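The values are calculated or read from the model by the stated rules, or taken from the named source; none is laboratory data. Owing to the predicted nature of the structure, the values given are computational and were not obtained by experimental measurement. Don't worry about glycine lacking a Cβ; one is built from the backbone with ideal geometry, like all the others, and counts go over all protein chains shown.
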Amino acid sequence: MGEDHSVPKPREWLMGRTYCRGYVSGIAAAGGTGKTALRILQALAVATGRELTGERLYGRFRVLYVALEDDRDEIRRRVWAATKHHEIPRDDLLDCFYLATPMGMKIGELSPDNPREVMPGELERWLRHVIAEKRIDLVVIDPFVKIHTVDENDNGLVDQVLVILARLAINSNCAIDLLHHQPKGLGRPGDANRARGASALRDGIRVLDTLTPMDEKEGPKLGLSESETRRLMRIDSAKTNLMPPPQNARWYRFVDVALRNRTPQYPDGDRIQTCEVWAPPGVNASGITAEAIERIFDQLQAGPTPGRHYTRAGNAKEERQAWRMMKVYWPTLTKPQAEGLLKNWLKDGCLSETEYHDPKTRHKAKGLTVLRRP
């Protein structure tokens, strides 16, 4: 080590603080709370490069979604609902978003010769082949309980399953994500102990989130109806070994989407759940995360094109309007919210409005200059 003078390369994050090459991540939630709908939307964001969930993306990547509780048609309905609601063209998913339903296949199986030894199973071998063939960057497995044959409360055996997954992530240079159930009861947001079964699972997952419904007493305080409250979920960092946890929870609203797949026998067709970013109402209604602000300031500093600046002016060309750029990094941000944020950043000395020579118009113009980060 004393002769090693080179700085290690940075960790290769795919999206925000959720997916990272060479590591296993996961989300724990009670059944029926919407974790599949959320993870599908996050997977679509990674595949399309669109910041659908308000999290930073580091490019477009190939995704494999492995569903082991639903058949192929059901998981397709869920993907269709998300793409329809978020207006994602189907062609945008070509060669970058794959679905698989390998029912019955296992990542880890007990050795027939040693009940304390877990061997790589058929699913491990199949995944290794598909990851290499399709050059997959992210594998989402839904749910963890379906990929092994061990007692989920046995630390020694569960740890061996996690080692198989970690080795697959490292050797294949991809991120692996697990959806996992929790014991009965909702539990506290951000509590790592909400992951059901052996503590080895919580120890082996490097980035763990929890998904929690809004408390029924919290909704009325925000002026929300009972039905509105039931549709809201918060995602919290329960264990982040790789980066500091976000300061605030991220909120999502679940919506029903009509697929319009009616037939003579089923004239109503299906209504399927997906989700969208949501922010609590109030003064800071933007709900914008520190991560999104960092991206916005990166873009403010870079400008719409070299030598040009963004502006608050409403009569400027669309490519220079700062509020439009901000919506790219926080899709639910309204124009008044964006203008309010810009006004506060100017007041706090993070930004200034300065006159400069616009190289495109060859005239003087006013634009926003970054002085410091919030």
*Sole residue being surrounded by fewer than 23 Cβ atoms within 10 Å (Cβ to Cβ) and at pLDDT 95 or above, chosen from LEU93, LEU44*: LEU93
*Looking only at region 154-166, decide whether some residue is within 24 Å of PRO102 (Cα to Cα), free of Cβ contacts under 8 Å to residues at least 24 places away in the same chain and over 22 Å from the mean Cα position of the chain (by Cα).*
no
*When only residues in region 291-347 that are hydrophobic (A, V, I, L, M, F, W, C) and in contact (Cβ under 8 Å) with a residue 60 or more places away in the chain count, which is surrounded by the fewest Cβ atoms within 10 Å (Cβ to Cβ)?*
VAL328
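Let's see how each residue does on (1) within 19 Å of ASN153 (Cβ to Cβ); (2) at pLDDT 90 or above:
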position: ASN173; (1), (2): no, yes
position: GLN182; (1), (2): yes, no
position: ARG230; (1), (2): no, yes
position: ASN241; (1), (2): no, no
position: ALA249; (1), (2): no, no
*Scan region 122-153 for residues that are without any contact (Cβ under 8 Å) to a residue 60 or more places away in the chain and touching a Ser or Thr at 6+ places or on another chain (Cβ under 8 Å) and jot them down.*
ARG128, ALA132
*asked:* Restricting to region 48-88, count the residues that are in contact with a helix residue (DSSP H, G or I) (Cβ under 6 Å, 6 or more places away or on another chain), part of a helix (DSSP H, G or I) and more than 13 Å from THR101 (Cβ to Cβ).
replied: 2
*What number of residues within region 356-371 satisfy the criterion of being within 39 Å of the chain's Cα centre (by Cα) and in a strand (DSSP E or B)?*
8
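Each row is one residue, and each column tells you yes or no for (1) of a type in the set (Lys, Arg); (2) in contact with a helix residue (DSSP H, G or I) (Cβ under 9 Å, 6 or more places away or on another chain).
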position: ARG188; (1), (2): yes, yes
position: ASP191; (1), (2): no, no
position: ALA200; (1), (2): no, yes
position: LEU211; (1), (2): no, yes
position: GLY219; (1), (2): no, yes
position: LEU222; (1), (2): no, yes
*State which residue pairs qualify: first residue in the same structural domain as ALA238 (by TED's automatic domain parsing) and inside region 29-46, second residue basic (Lys, Arg) and modelled with pLDDT under 95 in any location, beta carbons under 6 Å apart, and separation of 6 or more residues or different chains.*
ALA29/LYS35
*Boolean, GLY22 is within 14 Å of VAL139 (Cβ to Cβ) and in a loop (DSSP other than H, G, I, E, B)*: yes
*asked:* Looking only at region 122-154, how many residues end up being in a loop (DSSP other than H, G, I, E, B), buried (at least 19 other Cβ atoms within 10 Å of the Cβ) and either at pLDDT 95 or above or not assigned by TED's automatic domain parsing to the domain that holds SER172 (or both)?
replied: 2
_Being under 14 Å from the mean Cα position of the chain (by Cα), touching a residue at least 12 places away in the same chain (Cβ under 8 Å) and farther than 18 Å from ARG253 by Cα: is that true of LEU64 here?_
no
